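Chemist: Take this structure first; my questions come after.
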Amino acid sequence: MAKTTVESEAPWTAGGEIPVSGEAAASGEVRDVKRTTCCVVGGGPGGAVLALLLARKGVDVTLLEAHPDFDREFRGDTLHPSVMEIMDQLGLADRLLELRHSKVSSLTLQTADGPFTPADLSRLKTKFPYITIMPQTSFLEFIAGEAKKYPSFRLVMGARVRELVEEDGVVRGVRYEDEGGRHEVRAALTVGADGRGSRTRKLAGIEPKKTSPPMDVLWFRLPREDEDPAGVVGRFGRGHIAVMLDRDDYWQAGYVIPKGTFPELRREGVEELRRQFGELAPEFADRLGHLTDWRQVSLLSVESSRCEKWHKPGLLLIGDAAHVMSPVAGVGINYAIQDAVEAANILTGPLQKNQERLVPVDEKRLAAVQRRRELPTRLIQALQAQVQRNILAPALGSNAPFSPPLPLRLLPRIPVLRNIPGRLIGFGLRKVYVKD
Ligand SMILES: Cc1cc2nc3c(=O)[nH]c(=O)nc-3n(C[C@H](O)[C@H](O)[C@H](O)COP(=O)(O)OP(=O)(O)OC[C@H]3O[C@@H](n4cnc5c(N)ncnc54)[C@H](O)[C@@H]3O)c2cc1C
């Protein structure tokens, strides 16, 4: 790779454009080199919220998103109370709730012993004692729209990051491709918020440690009818789990299968999926005829992982790039956004001081972000592993009707303990606040 030469090293100001030398331009390598104080790779919940938080503090931030739009199907659509409190602190909650959404305050499972509610958020002491279910597209468009109100925010859609710009072992920015060719962004800090398959993480040579949850999930849409119940519906039994998420005008159906069994089910045909799902959730059997083709079904290969180190000089990883969360309790978005808030709390000051000369942020500050977020992440991943081991794996491994283990059945009956699951799902180990 030919090195891009810039004509001038100083004075650089964030947001400025550095002309590319004749040599580099002629080679077709990089069309332009832009400067920004913080370059965020990935416009998912973590990256978009971080960019907004930095921009509102006047930090020059460039958000690079590989997709041409925020449209996405079957991604996390759950905003937990912690996210809503963060939105409220930013003065955005009311407007966010004007967008189409539904609310779920408890999860009820139909078990062999009747309905069982392991987690109830309605008793949480918060303005938002429920999970807000909203298409991720609407949430991301809303956040990007807010960020665009700040002049120090720049969003590049369709920008696929291909390389890190590294000098003497320090990440100084990225190179990306878009329709117009290759571009370079130089920054005091690069944040990899590019999700579970993070390219920035791979380029930085950081390997996540993976665990193997015992299941995969098939997602598909089913029609919703006026008389249907609202919220989330869960069914355990016959070696499978069905989850129905109320999406207002349709159901997002999730069918949890033992890991690695999808090829076999696929061979049996979509009619076998219809049959199995209909047995588990007979009240939805009447509309399974809409499911006629595997192209309507999306496979989520369930993963859980965490990086030992979330940073290297000049680079910080947040969200799924640093830790992929199991879908148990649907906390992935929550954790990505909490990472973004803690990163902004710790890094806004150093970045503000660094606007003129892009001196890389001291790595100790990046380590402080990881320290702040690692324990909550470890804790919830350990709890998810327990649920997977003691509830999901046995349920997936047996055709007998599901009966929750005794300690879990007792939990809702003990007043001092019964709020713990709701609190852990809603907020995690501790509440996260935006420091102003
Ligand atoms: C099918 C499915 C269902 C899920 N359901 C839930 C749920 O109900 N609740 C929940 O909380 N979580 C759920 N999750 C997980 C949740 O979506 C993630 O935990 C969350 O989105 C992580 O946010 P993030 O910002 O870290 O990464 P992501 O949301 O993955 O965003 C990463 C962004 O980076 C972009 N990107 C990737 N590579 C590049 C590149 N090279 N250059 C530029 N941009 C790039 C991507 O296009 C993407 O927009 C689900 C995930 C899946 C796959």
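Chemist: In whole Å, what is the distance between the alpha-carbon centres of segment 372-429 and segment 288-339?
Modeler: About 19 Å separates the Cα centre of segment 372-429 from the one of segment 288-339.
Chemist: Are there DSSP H segments in the chain that both extend 24 Å or more along their axis (alpha-carbon positions) and score a mean Kyte-Doolittle hydropathy of at least 0.0? List them, or say none. Please report the intermediate quantities before stating the final value.
Modeler: Details: long enough: 332-353 (32 Å, 0.15); 363-387 (35 Å, -0.58).
Going by DSSP H runs, the hits are 332-353.
Chemist: As a check on your grasp of the helix formula, calculate [θ] at 222 nm for the chain: sum -39500 (n - 2.57) over DSSP H runs of n ≥ 4, divide by the residue count, round to the nearest 500.
Modeler: Taken over the chain, the calculation gives -9000 deg cm²/dmol.
Chemist: Something else about it: Expected output is a single nm value to one decimal: the length gained when fully extending between Arg72 and Ala285, i.e. 0.36 nm times separation in residues minus the C-alpha distance. What is it?
Modeler: 74.0 nm
Chemist: If each residue of separation counts as 0.36 nm, what is the full-extension length gain between Leu99 and Lys435 once their alpha-carbon separation is subtracted?
Modeler: So the chain would gain 118.3 nm between Leu99 and Lys435.
Chemist: For the pair Ser212/Val416, report the inter-label distance in nm, with labels modelled 7 Å from Cα in the Cβ direction.
Modeler: That separation, rounded to one decimal, is 4.1 nm.
Chemist: Let me ask something additional. Could you please report the charge total around Ala393, scoring K, R as +1 and D, E as -1 over all other residues with beta-carbon less than 14 angstrom from its beta-carbon?
Modeler: Cβ neighbours under 14 Å give a net charge of +1.
Chemist: Provide the FRET efficiency to the nearest 0.05 for the Thr261-Asn390 pair, computing r from the beta carbons and using R0 = 25 Å. Provide the component values of the computation, followed by the final result.
Modeler: Values: r = 21 Å, r/R0 = 0.82.
Efficiency at R0 = 25 Å is approximately 0.75.
Chemist: Okay, moving on. How far apart, in nm, are the 7 Å Cα→Cβ label points at Asp293 and Arg162?
Modeler: 3.4
Chemist: Extending each Cα 7 Å along its Cβ direction at Arg409 and Glu225, get the distance between those two points in nm, one decimal.
Modeler: The two pseudo-label positions are separated by 3.3 nm.
Chemist: So, one more: Rounded to the nearest 0.05, what FRET efficiency is calculated for Val359 and Thr117 with R0 set to 51 Å and r the Cβ-Cβ distance?
Modeler: Given R0 = 51 Å and the Cβ-Cβ separation, E is 0.45.
None of the figures in this text is laboratory data; all of them are computed from the coordinates on show. On a predicted model such as this, the values are computed, not experimentally measured, just so you know. Reconstructed Cβ throughout: ideal geometry from the backbone, glycine too, with neighbour counts over all protein chains shown.
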